[in-house]
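Engineer: A single structure is presented below for examination.
Laboratory data are not the source of any read-out in this text; all were calculated from the coordinates shown. Because the structure is a prediction, the values reported are computed rather than measured. Every residue, glycine among them, receives a Cβ derived from its backbone with ideal geometry; neighbour counts consider all protein chains shown.
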């Protein structure tokens, strides 16, 4: 199967999982704002890695991932009902902490000291001996 079909299938699964998250009754998933950030289906379509992000930090995201793993059968059933496939891939849920990491990097950049040279206001360098 061509690579673009795998990407399209991954996006379809991501979209359907995002819609199915609202139907989960597990408090680890239902309490927080859970987002499916990315899905990757393997070339043989037997596994699908699903990255999950949640507002509230890494601990909250880890709890949401555990809840998603527990509701794996529900998610596979929802995907089977909406995406046409011979075999539904095994879902592997992983925490996506890239939001917290990017916020951490932004804070570091914002707290860097600002160094402005008062000697040259035009922005051109001068050669002084």
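Engineer: Ignoring everything except DSSP H segments at least 4 long, calculate the 222 nm mean residue ellipticity for the chain; use -39,500 (n - 2.57) per segment, divide by total residues, nearest 500.
Structural biologist: After summing the helix terms and dividing by the residues of the chain, the value is -14000 deg cm²/dmol.
Engineer: Taking Cα atoms, how many degrees apart are the long axis of helix 3-20 and the longest axis of the chain, rounded to 10 and kept between 0 and 90?
Structural biologist: That works out to roughly 80 degrees.
Engineer: Treat each spin label as a single point 7 Å out from the Cα along the C-beta direction, and report the residue 86 to residue 8 distance in nm.
Structural biologist: Result for the modelled spin labels: 1.8 nm.
Engineer: Another question, if that's okay. Treat each spin label as a single point 7 Å out from the Cα along the C-beta direction, and report the residue 43 to residue 115 distance in nm.
Structural biologist: Once both label points are built, they end up 4.8 nm from each other.
Engineer: Suppose we keep just the DSSP beta bridges with both residues in the chain; what percent of those would be antiparallel, to 5?
Structural biologist: 55 percent
Engineer: What is the extension gain from residue 55 to residue 70, computed as 0.36 nm multiplied by their sequence separation minus the C-alpha to C-alpha distance, in nm to one decimal?
Structural biologist: 3.4 nm
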